[in-house]
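What follows is one structure encoded as structure tokens, with my remarks underneath.
Please treat every number below as a calculation from the coordinates, not as lab data. Because the structure is predicted, anything quoted here is derived from the model rather than measured. Every residue, glycine among them, receives a Cβ derived from its backbone with ideal geometry; neighbour counts consider all protein chains shown.
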Amino acid sequence: MKTIPSFTIDHIRLLRGIYVSRKDEVGGETVTTFDIRMKEPNREPALGQGALHSIEHLAATYLRNHSTWADKIVYWGPMGCLTGNYLLMKGDLQSEEIIDLMKETFRFIANFEGEIPGAAPKDCGNYLLHDLPMAKWESEKYLHEVLENMSEENLHYPAKAAEQE
């Protein structure tokens, strides 16, 4: 079986940031998958499940209602490794193009007050698994430590060993 591309990224050197994970042609249109990496893999604790679930609900709601970007949002959801999220968007996009959108999104989550959208038994398959205080804390941390201080190493995956030589 072939190794899927996301398993070929050097997670030992991967930093928090916004990365283009892949681009696919779907119905004649490019769909860009972004890796919204909130934690350094294998070097810091993963996101708590409740916090990540709350981030998912809040980010998906915010993005799908965004005045400029809503029509380009395909999907927002958590990574199985609990170190970040995937954002799928219509269009042939680069990480640099969505920095401001991610700042807005994580600022929205960090400042959110009230009931989490879709966090009721009739709306969610695991409505008890939410942690708004930690979602806000993690979002504020990511916003201030990463999104407001972006550099090339936070926007492009680490080069593979063969590419470095």
**Request:** Collect the residues in the range 1-42 that are surrounded by 12 or more Cβ atoms within 10 Å (Cβ to Cβ), over 19 Å from Val74 (Cβ atoms) and over 15 Å from the mean Cα position of the chain (by Cα), keeping them in residue-number order.
**Result:** Ile9, Asp10, His11, Arg13
**Complete:** Residue count, the range 1-45, condition without any contact (Cβ under 8 Å) to a residue 60 or more places away in the chain and in contact with a helix residue (DSSP H, G or I) (Cβ under 7 Å, 6 or more places away or on another chain), comes to 1
**Complete:** Going through (1) outside any loop (DSSP other than H, G, I, E, B); (2) of a type outside the set (Phe, Trp, Tyr); (3) at positive phi one by one, Leu101 fails only at (3)
**Prompt:** Looking at this structure, is Ile12 outside any helix (DSSP H, G or I), over 17 Å from Leu143 (Cα atoms) and among the β-branched types (Val, Ile, Thr)?
**Reply:** yes
**Asked** Here are some conditions: (1) assigned to a helix (DSSP H, G or I); (2) surrounded by fewer than 20 Cβ atoms within 10 Å (Cβ to Cβ); (3) not basic (Lys, Arg). Gly80 meets all but one. Which one does it not meet?
**Response** (1)
**Asked** When the range 15-54 is examined, which residues are found to be touching an Asp or Glu at 6+ places or on another chain (Cβ under 7 Å) and either part of a helix (DSSP H, G or I) or of a type in the set (A, V, I, L, M, F, W, C) (or both)?
**Response** Leu15, Val31, Met38, Leu47, Gly50, Ala51, Ser54
**Request:** Would you tally the residues in the range 83-105 being touching a residue at least 40 places away in the same chain (Cβ under 8 Å) and either charged (D, E, K, R) or within 11 Å of Ile36 (Cα to Cα) (or both)?
**Result:** 15
